[in-house]
There are 2 protein chains.
Amino acid sequence: MSAERVRAATRVCYACGAATTAPAVRCDCGEPLWLPEVTDTTETDAPGMWRHAGLLPVDSPGGVADAVGDTPLVAPDAVADFAGVDVSLKLEGHAPTGSFKDRGSALAVAAVEAGYAGDVRAVGTVSHGNMAMSTAAFAASADLPCVVLVPDDIPESRLGVIAQYDPTIVRVDGDYGRLYERSLELGREHDIAFLNSDVPLRVEGQKTTTVEVCLDAAPDVIVMPVSSGGHASGAWKAVRELHAAGRIDRIPDLHFVQASACAPIAEAFARGDDTVAPVEGGETIAYSIANADPPSGNRVLAAARDTGGTVTSVDDDATRAALDTLARAGISVEASCAVALAGTRELVQSGRLDPDAEVATVMTGTGLKEASGSADTARATVDSLDTVLGGVGVER
Amino acid sequence: MSAERVRAATRVCYACGAATTAPAVRCDCGEPLWLPEVTDTTETDAPGMWRHAGLLPVDSPGGVADAVGDTPLVAPDAVADFAGVDVSLKLEGHAPTGSFKDRGSALAVAAVEAGYAGDVRAVGTVSHGNMAMSTAAFAASADLPCVVLVPDDIPESRLGVIAQYDPTIVRVDGDYGRLYERSLELGREHDIAFLNSDVPLRVEGQKTTTVEVCLDAAPDVIVMPVSSGGHASGAWKAVRELHAAGRIDRIPDLHFVQASACAPIAEAFARGDDTVAPVEGGETIAYSIANADPPSGNRVLAAARDTGGTVTSVDDDATRAALDTLARAGISVEASCAVALAGTRELVQSGRLDPDAEVATVMTGTGLKEASGSADTARATVDSLDTVLGGVGVER
């Protein structure tokens, strides 16, 4: 077994330091595991995120995986005006299935194919959203069977989006929260690699958002939405590795933002706790980040404190104002991304973020999947159009 | 007035060679105009499509425009197997509003801001799809009023997608086909720049798809869907300019594909005609390319013949097979893109495309906007999941 292969098969605990070579997801201490730190920042001419080959346990398997990463950074003036600070937006919607999840799915599926998850015959995930779609897409591209566990009451409209990649979709009746742990157990029994949000191989892919942000923009501060904590964990691992490798002089402050209707990590942060207690989540327009019992919640608290950041929350009105600002800047994102921009603004207004800082705020997914509904319209005939057009732009 | 400014304000006719400095869209001979040929292929470190600064009349205005272009090229094995030839897919869905239209919109709106469309107070477009969304997004980012003319019977679900960028939406009763010409007339009267599919400034942006394909992959053949002919015109202009500049040794064959239910250009090509006659279009799943009276149709015929390509068509069954292949490769596109892949396959099967050629097929837009519908699902409880998972992947 090569040194690289041993490393990819080793898991360590950020909290207690324990290590194992079992393809485990969680440490005996209860915390999520991740791969050992690397400081090889070799870049190749591979496409997208695969350019950062030294930091990753596997290379691109080709195909759609080559379209993952190297997403744009844009800095609209209107967004800076709204936030009260210079903000670069990392547009993760520019991805095969429209979200940051593709980084983790592409890497994890490639690693499964390379044998790094043991002898498995299929992959799976517990999700009814971006994660389900992304995992199914990359499983399809690898010709691996995929099982997606969704809640029994999933809206029909969400199913077609997932189904196009032909996974086995199972509607599960009962406590959906229990499914996370149960899926890992059942996966081991049935040789199915459940690539849930914070499994170590997925986190390796999620690192690359932050690697790109740090190497392309060198921000003082990174703000991102947080739900289960997998992406946040990847961000923390990325800045630690880049700093250890000497590629960045200073670790940026990592700020994480939740929707206040369902903000277990932010509430624990505000209390000064080291552990996250599950909450009874309420309704929010940012439903894709409403995780009431986040499996990597404690690791997110550690990441925020270690880097000098925060975990905070914003209400739906603040999120709507940010969504509106983004749309007026020509950027369509899902509500969870607007949470991060609303959070950036609130951090500045509350004095927790220096208005002279350079900030990168991560827009985790496209809004094109969820834009719908009706609109105000005028009416005209071809012949009466003249009158209507006379008024266009006059009121501005 | 600088030489660059004069060039950007000049329009020439590909067909009769006439030139004008009026901000006109069509020549007196009836054919669409475009900007004079350039052979300056200077590249800068500007982001996305703006890298090819020498070939473009304006630079990026910043903001969301910086996220346009530099889209991925991927080559899934399953797609090559399906097509019977090595195919690189250019994924234009990786764009702010999810389609190739963003290249043209970003450039045209930037040029309007720079004064290259005369003294206008708003922009507009005639569309109920990708073009409407894209034009509205880039107008919003430039803080320019935008008017979108849609058919009176537009499905409500399409309106919300366009409305997020806050244009004035006008439902127009009457002959929607007449609107194209009428909008140009009314635009002049009301100082509104109608940035329809084939206006010269939009075509300058649409060139960049092909510039990137040629410089990154140097294909022998390019296959793309065709509707109004604006993108196809941009492709032809791009290969002419790159060849004249000595950046490519040989102009690739340009093949254009339509849906057979509405294929006026393919029918004219098959007849050996130089001009396209309007058709009575039928229903097709590739509705976004079903233009029964394409304004740049004759220019597409000239582009195909000049480069040694074809204009062909495929039926919806062939398109569905291509869509299915793409989804199984993890790639979600709109049906119009699958038309191009189905066309690639049919060109190989009919002997019109050398199976040893290197082919680039353009996937013009994401499927994430239109994926919906229901799906086959299994059902389980958390406790009965064990049984369901035992069967996953076994049948494969």
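What follows draws every value from the coordinates through simple rules; no lab data is involved. Only a predicted model underlies this, so the values are computations on that prediction, with no experimental measurement involved. With ideal geometry, Cβ positions are generated from the backbone for all residues, glycine too; neighbour counts draw on all protein chains shown.
Before moving on, here are some points about what is shown:
- Highest average packing first - A:136-146, B:156-166, A:381-391, B:119-129, Cβ atoms within 10 Å: A:136-146, B:119-129, B:156-166, A:381-391
- For the residues B:ALA80, B:ALA338, B:ALA266, a GNM of chain B with alpha-carbon springs under 10 Å puts the largest fluctuation on B:ALA80.
- Spatial offset of region A:47-71 relative to region B:124-157 amounts to 35 Å, using the alpha carbon center of each.
- Peptide-level mean, for A:43-50, of C-beta atoms on other protein chains within 10 Å: 1
- With the charge dipole of the protein assembly as shown set up from +1 on Lys and Arg Cβ and -1 on Asp and Glu Cβ about the Cα centre, the Cα lying farthest toward the positive end among the listed residues B:ALA132, B:ILE162, B:GLY230 is that of B:GLY230.
- 5 angstrom amide H check on B:ALA193, placed H, neighbours 5+ away: B:ARG121, B:ALA122, B:VAL123, B:GLY124
- Amide H contacts under 5 Å for A:ARG171: A:VAL150, B:ALA378, B:ARG379, B:ALA380, restricted to partners 5 or more places along the chain or on a different chain, H placed in the peptide plane at 1.01 Å from N.
- Protection proxy ranking, peptides A:167-179, B:324-336, average beta carbon neighbours within 10 Å, highest first: B:324-336, A:167-179
- MRE, 222 nm, helices only [DSSP H, n ≥ 4, -39500 (n - 2.57), over chain A, to nearest 500]: -11500 deg cm²/dmol
- Debye intensity ratio I(q)/I(0), log10, region B:294-386, q values 0.10, 0.12, 0.15, 0.17 Å⁻¹ (C-alpha model): -0.39, -0.52, -0.72, -0.87
- Chain A: most fluctuating residue of A:ALA114, A:ALA375, A:ALA238 per GNM, C-alpha cutoff 10 Å: A:ALA375
- For chain B, with +1 on Lys and Arg beta carbons and -1 on Asp and Glu, the positive-most of B:HIS243, B:SER350, B:THR319 along the dipole: B:HIS243
- Beta bridges per DSSP, both residues in the protein assembly as shown: antiparallel share near 20 percent.
- Position A:ARG320, label points 7 Å along Cα→Cβ, spacing to each other copy in nm (shortest first, one decimal): 4.2
- Exercise: per-residue mean of other protein chain Cβ atoms within 10 Å, B:74-80: 5
- If only the Cβ of Lys and Arg carry +1 and only the Cβ of Asp and Glu carry -1, the dipole of the protein assembly as shown around its Cα centre is close to 500 debye.
- In region B:1-99, taking the dipole from charged Cβ atoms about the Cα centre, the farthest positive-side position among B:GLY30, B:LEU56, B:PRO96 is held by B:GLY30.
- Approximate shape of the protein assembly as shown as ellipsoid semi-axes (Cα gyration tensor, √5λ), whole Å, largest first: 44, 29, 25
- Within-11-Å neighbourhood charge of A:THR71 [Cβ basis; K, R +1; D, E -1]: -4
- Region A:157-281, dipole about Cα centre (Lys/Arg Cβ +1, Asp/Glu Cβ -1), debye to the nearest 20: 140 debye
- Label-point separation in nm, B:GLU283 to A:THR44, each point 7 Å along Cα→Cβ: 4.9 nm
- Per-copy distances of the B:GLY62 label point, shortest first, in nm (7 angstrom along Cα→Cβ): 4.3
- Spin-label pair A:ALA292-A:ASP315: with each label point 7 Å from Cα along the Cα-Cβ axis, the two points sit 2.1 nm from one another.
- Alpha carbon Rg of region A:182-330, scaled by the compact-globule rule 2.2 N^0.38 Å: 1.10
- Annotation: amide H of B:LEU353 within the under-5 Å range of B:VAL348, sequence separation 5 or more or interchain, hydrogens built in the peptide plane.
- Cα pair distances in region B:201-272, grouped into 5 Å bins until the bin that holds the longest one, percent each: 3, 17, 26, 22, 16, 11, 4, 1
- Here the Gaussian network model covers chain A, with springs between Cα atoms less than 10 Å apart; of A:ILE251, A:ILE289, A:ILE154, A:ILE154 fluctuates the most.
- The length gained on full extension between A:ALA217 and A:ARG352, counted as 0.36 nm times the residue separation minus their Cα-Cα distance, comes to 46.5 nm.
- This model, with +1 at the C-beta of Lys and Arg and -1 at the C-beta of Asp and Glu, gives region A:49-98 a dipole about its Cα centre of some 160 debye.
- With its label point defined 7 Å out from Cα along the Cα-to-Cβ axis, A:ASP77 lies at 5.2 nm from the matching points of the other copies, in increasing order.
- Per-residue mean of foreign Cβ neighbours for A:88-99 is 5 (Cβ atoms of other chains, 10 Å radius).
- Counting only residues at least eight positions apart within a chain, or on another chain, the lysines with an alpha carbon under 24 Å from that of A:LYS90 are A:LYS101, A:LYS207, A:LYS237, A:LYS369, B:LYS90, B:LYS101, B:LYS369.
- Alpha-carbon geometry of region B:72-182: the Rg and the Dmax are 17.1, 52 Å, given in that order.
- Equivalent-ellipsoid semi-axes of chain B, from the Cα gyration tensor, Å, largest first: 34, 25, 21
- Only alpha carbons enter this Debye calculation for region B:1-131, each as an equal point scatterer, and the log10 of I(q)/I(0) it gives at q = 0.16 Å⁻¹ is -0.98.
- Model label sites at A:SER157 and A:ARG305, defined 7 Å from Cα along the beta-carbon direction, differ in position by 4.2 nm.
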